[in-house]
1. Within the stretch 130-156, track down each residue that is in a helix (DSSP H, G or I) and of a type outside the set (Ser, Thr, Tyr).
2. Can you tell me how many residues in the stretch 32-54 are surrounded by fewer than 17 Cβ atoms within 10 Å (Cβ to Cβ) and not in a helix (DSSP H, G or I)?
3. Regarding the stretch 216-224, can at least one residue be identified that is closer than 15 Å to Ile86 by Cα, buried (at least 18 other Cβ atoms within 10 Å of the Cβ) and β-branched (Val, Ile, Thr)?
4. Select from the stretch 132-153 the residues that are farther than 15 Å from Ile190 by Cα and either in contact with a Gly (Cβ under 9 Å, 6 or more places away or on another chain) or surrounded by 18 or more Cβ atoms within 10 Å (Cβ to Cβ) (or both) and list them in ascending order.
5. For the stretch 91-105, give me the residue count where each residue is touching a His at 6+ places or on another chain (Cβ under 8 Å) and surrounded by fewer than 20 Cβ atoms within 10 Å (Cβ to Cβ).
6. Is at least one residue of the stretch 72-83 without any contact (Cβ under 8 Å) to a residue 24 or more places away in the chain and part of a loop (DSSP other than H, G, I, E, B)?
7. Name the single residue, out of those in the stretch 157-167 being in contact (Cβ under 8 Å) with a residue 24 or more places away in the chain and either buried (at least 18 other Cβ atoms within 10 Å of the Cβ) or not in a helix (DSSP H, G or I) (or both), that is nearest to the chain's Cα centre (by Cα).
Amino acid sequence: IEISVVIPAYFEANNLELVLPRLTNTLKEMKIPYEVIIVDSMIPLDETENICKKNNVHYVNRKNGNEYGFAFITGIQIAKGKSIVIMDADGSHDPEKIKELYQFRNEYQIVIASRYLEKSSTEVSFYLTGMSLILNYIYKFVLGIDANDISNSYRLYNGEMLRGVTLTSRNFDILQEVLYKFIRKYNAKIKEIPLQFHKRKSGKSKRNYLVFIPNYIKTLIKLRFFN
């Protein structure tokens, strides 16, 4: 398998119904062996499983907990691709962007679809964008990560390397943890490409910066001083 696309999902059936046909069409156009893995909640809560069957993609339930980090880890453990792409289920990430991410797989070990480059754009509110920029700046400065967007999940990783990284974060801070540990372990090269980041199509965001800030601070201290 050349590429695995892993999508954590929690109450995202309506969005997946729109995203999956676009995603599978994009992957078929690339004419490479691929797999799509939807990592749902521990126990099914909506019609996600049926939508996966309809679109002929793999459906699995996350292990150990319903937090985002467990979905991320579950997907990585299952994925067999030489490259692994993680993307959101809510429609904020255009599936067609995978073609561009994949172009850089041999030159770089991580390719990030970035919201904060010259040709990027975001439909998220000014408040959330500001919170995200502050988070990105602090992590970038403290951990020395040479990237503009270290909190967006839409990335392509070298699959073999990603499977070799031990991750412990339970929430969205796993996105910073995996980036930092990947760079430290492999001296990985990062490429960023512009992204047009959309509002979620339906449902409510699972990201709440006020709730997750303590986790981000804890993870920052842990990575900086205990790794």
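1. Step one: filter the stretch 130-156 for residues in a helix (DSSP H, G or I), giving 130-143.
Within the stretch 130-156, Gly130, Met131, Leu133, Ile134, Leu135, Asn136, Ile138, Lys140, Phe141, Val142, Leu143 meet the criteria.
2. Step one: of the stretch 32-54, the residues surrounded by fewer than 17 Cβ atoms within 10 Å (Cβ to Cβ) are 32-33, 42-45, 47, 49-50, 53-54.
With the extra rule that they be not in a helix (DSSP H, G or I), the set shrinks to 32-33, 42-45, 47.
Looking only at that region, the number is 7.
3. Kept after step one, since they are closer than 15 Å to Ile86 by Cα, are these residues of the stretch 216-224: none.
No, there is no match, as no residue in the stretch 216-224 is closer than 15 Å to Ile86 by Cα, buried (at least 18 other Cβ atoms within 10 Å of the Cβ) and β-branched (Val, Ile, Thr).
4. If we filter the stretch 132-153 for residues that are farther than 15 Å from Ile190 by Cα, which is where we start, we get 132-139, 141-142.
Ser132, Leu135, Asn136, Tyr139, listed by residue number.
5. 1
6. No, every residue in the stretch 72-83 fails to be without any contact (Cβ under 8 Å) to a residue 24 or more places away in the chain and part of a loop (DSSP other than H, G, I, E, B).
7. At the first step, the residues of the stretch 157-167 found to be in contact (Cβ under 8 Å) with a residue 24 or more places away in the chain are 157-163, 167.
Retained after the next criterion (residues that are either buried (at least 18 other Cβ atoms within 10 Å of the Cβ) or not in a helix (DSSP H, G or I) (or both)): 157-159, 162, 167.
Numbers: Tyr157: 10, Asn158: 14, Gly159: 14, Leu162: 13, Leu167: 14 Å.
This residue is Tyr157.
Residue-by-condition table, conditions (1) in contact (Cβ under 8 Å) with a residue 60 or more places away in the chain; (2) not basic (Lys, Arg):
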residue	(1), (2)
Ser169	yes, yes
Phe172	yes, yes
Val178	yes, yes
Lys185	no, no
Lys189	yes, no
Ile193	yes, yes
Gln196	yes, yes
Arg200	yes, no
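Any read-out appearing in this document is the output of simple, stated calculations on the displayed coordinates, not a laboratory observation. Values in this document were obtained by computation on a predicted structure and should not be read as measured data. We place every Cβ from the backbone using ideal geometry, glycine too, and count neighbours over all the protein chains shown.
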